[in-house]
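Asks: Got a structure for you, questions after.
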Amino acid sequence: MGKIKVLVVDDHEIVRMGLTHFIEQYPDMEVVDGANSLGEALLKTEQFRPDVVTMDICLKKSSGIDACREICSCFPQTKVIILTSYGEEDMLMESIFAGAKGYVLKDVGSDEIIRAIRAAYRDESLLDSVVTKKLLDQMRRNGQKTHDALEQLTVQEKKVLVLIAEGKTNKEIAEKIYLSEKTVRNYVSSILAKLNLVNRTEAAAYAAKRSIQNQA
């Protein structure tokens, strides 16, 4: 089996040199070149067709996430690892949606970087455990907030929400549950405020996603 070809993308030359020297100590890997911008990364990827790209999240005049998205779209056989100093959950999510196979913090041990490169080469994902835990905790908190918000609705508001999900107008809802149209409008406004939604479409999607029809 041939060596894993790696392209190192970082806008700091000393970081590129350090990563290159470090990666090439492993006999199953070779660094084909380095790049410091989105444009150069795309050019070098097309030229060398690396197996794996290590991508800094901040590049000159561009985002490493944008570069990741472009590479994954134009060169699907090349896998991208985001190697960064930033541990924010939203950046992890953006990187995943952009197609990254790995998200690794620069302060991890050297073995973790090599593991990420090898995992990406095998088309496997490797995400930083600390950032992933923070993300999962945030998702659980958001899920709890969603549940709490739903519990704020009165029985009548839940009935109105069910009918909104069925596509009924305020007039039709009023006739269905024997209320005035003005009262229904007030209920709709209250539902949107309690669930932090913008319009009836979002309310209908909210109800459908949570199968609220079965709760009314």
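Computed from the coordinates by the stated procedures, all read-outs in this text should not be read as laboratory data. For clarity, every value in this text was computed on a predicted model and none was experimentally measured.
Asks: Tell me which aspartates and glutamates have Cα within less than 18 Å of residue 176's Cα, excluding those fewer than 8 residues away on the same chain?
Replies: In chain and number order, the partners are 157, 166.
Asks: Additional query: Between residue 194 and residue 93, what length comes free when the chain is fully extended (0.36 nm per residue of separation minus the Cα-Cα distance, one decimal in nm)?
Replies: On the way: separation 101, 0.36 × 101 = 36.36 nm, distance 2.68 nm.
Full extension from residue 194 to residue 93 adds 33.7 nm.
Asks: In nm, what is the difference between 0.36 nm times the number of residues separating residue 208 and residue 154 and their Cα-Cα distance?
Replies: Extra length from residue 208 to residue 154 when fully extended: 17.6 nm.
Asks: Please compute the length gained on full extension between residue 123 and residue 201, using 0.36 nm multiplied by the number of residues separating them and subtracting their Cα-Cα distance.
Replies: Values: separation 78, 0.36 × 78 = 28.08 nm, distance 3.83 nm.
Extra length from residue 123 to residue 201 when fully extended: 24.2 nm.
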